[in-house]
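Take a look at the structure set out below.
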Amino acid sequence: METAQFIDVLDREGRSLAEAAGAAGVDAKVPTCPQWQVRDLLRHTGMVHRWATAFVVEGHTAYHPDGGLPDLDGDALLEWFRQGHRALVDALSAAPPDLDCWHFMPAPSPLRFWARRQAHETTVHRVDAESARGAVGPVEPAVAVDGIDELLRSFHARPKSRVRTDRPRVLRIRATDTDETLDAVWTVRLSPEPPLAERGESGSAADCELTGTAEQLYLSLWNRQPFPLVTGDASLAELWREKSAITWN
């Protein structure tokens, strides 16, 4: 996917998130994040949007802290979210291709990093908002495949990943609903070190394989729903469930 496509996804998903949150109401529980109500979802995602916008607009070349959660609720909170989302979309759309700013995972450019990261941040949280409303819309296969790749090959390649095993194991992720051009198979090598993921089967037998549509796997790997099909050593799927959460800190 190209940068402009990520910005389009971010735009669409943020508007859908706001629509679902408004329909559900800020008091509604979020089934995919049981510790949250919709107000928590709006505060968190809106804060992340503003944090990302600051890097794009202000050009911080080192880590810059977020602005914290707002003391807003109800309609005022929803409007605050909408304004922050719009500002992020506009900032990314207007940013030059050679934007220079801090980013926290490898990417072809800072602009592409922030567009991609915020597209997936917002897509996952759109699903959260729609789960509170009671009707969850689809995730496009190309978006889901890219999001799986970001999670496996970027997020969990970092030293802070806790998905580790005491001896080498192989986890395979296989999407069943995509054509060959999307290359929707990943081999994840687990060990006492951070996971090492690569596209394709790599000639290695898998100790465990997770199979399903790209959308199912995307949401399952982000711990929004159970894994659709697990074959082999199910303890590796459980390890992912227990250790893979990405937390804000």
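The values are calculated or read from the model by the stated rules, or taken from the named source; none is laboratory data. Here the structure is a predicted model, which is why all the values come from computation and not from measurement. So basically every Cβ, Gly included, is an ideal-geometry build from the backbone, and we count neighbours across all protein chains shown. These area figures cover heavy atoms from the full protein model, side chains too; ligands, DNA and RNA do not enter into them. Shrake-Rupley method; radii C 1.70, N 1.55, O 1.52, S 1.80 Å.
Here are the numbers for the structure shown:
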quantity	calculated
Check on Ala184, at pLDDT 95 or above and not aromatic (Phe, Trp, Tyr)	no
Test: residue in segment 232-241 that is closer than 15 Å to Arg169 by Cα, in contact (Cβ under 8 Å) with a residue 12 or more places away in the chain, crowded, with 18+ Cβ neighbours inside 10 Å and of a type in the set (Phe, Trp, Tyr)	yes
Some residue of segment 52-59 being in contact with a Pro (Cβ under 9 Å, 6 or more places away or on another chain) and assigned to a helix (DSSP H, G or I)	yes
Residue under evaluation Asp75, criteria (1) acidic (Asp, Glu); (2) surrounded by fewer than 18 Cβ atoms within 10 Å (Cβ to Cβ); (3) touching a helix residue (DSSP H, G or I) at 6+ places or on another chain (Cβ under 8 Å), criterion not met	(3)
Filter result (of a type in the set (A, V, I, L, M) and open to solvent by 20 Å² or more (accessible area, probe 1.4 Å)) within segment 198-217	Ala205, Ala206
Only listed residue being in contact with a Leu (Cβ under 8 Å, 6 or more places away or on another chain), crowded, with 23+ Cβ neighbours inside 10 Å and in contact (Cβ under 8 Å) with a residue 60 or more places away in the chain, chosen from Ala142, Ala175, Ala129	Ala129
Residue check for Cys33: closer than 19 Å to Gly137 by Cβ, in a loop (DSSP other than H, G, I, E, B) and in contact with a helix residue (DSSP H, G or I) (Cβ under 7 Å, 6 or more places away or on another chain)	yes
Filter result for Ser220 (crowded, with 18+ Cβ neighbours inside 10 Å and out of contact with any strand residue (DSSP E or B) (no Cβ under 6 Å at 6 or more places or on another chain))	yes
Residue in segment 119-133 that is of a type outside the set (A, V, I, L, M), modelled with pLDDT of 95 or more and in a loop (DSSP other than H, G, I, E, B) present	no
Condition check for Pro194: outside any helix (DSSP H, G or I), at negative phi, without any contact (Cβ under 8 Å) to a residue 24 or more places away in the chain and not aliphatic (A, V, I, L, M)	no
Any chance Pro34 is surrounded by fewer than 19 Cβ atoms within 10 Å (Cβ to Cβ), closer than 28 Å to Gln225 by Cα and not hydrophobic (A, V, I, L, M, F, W, C)	yes
Complete set of residues in segment 211-231 that are without any contact (Cβ under 8 Å) to a residue 60 or more places away in the chain, among the small types (Gly, Ala, Ser) and part of a helix (DSSP H, G or I)	Ser220
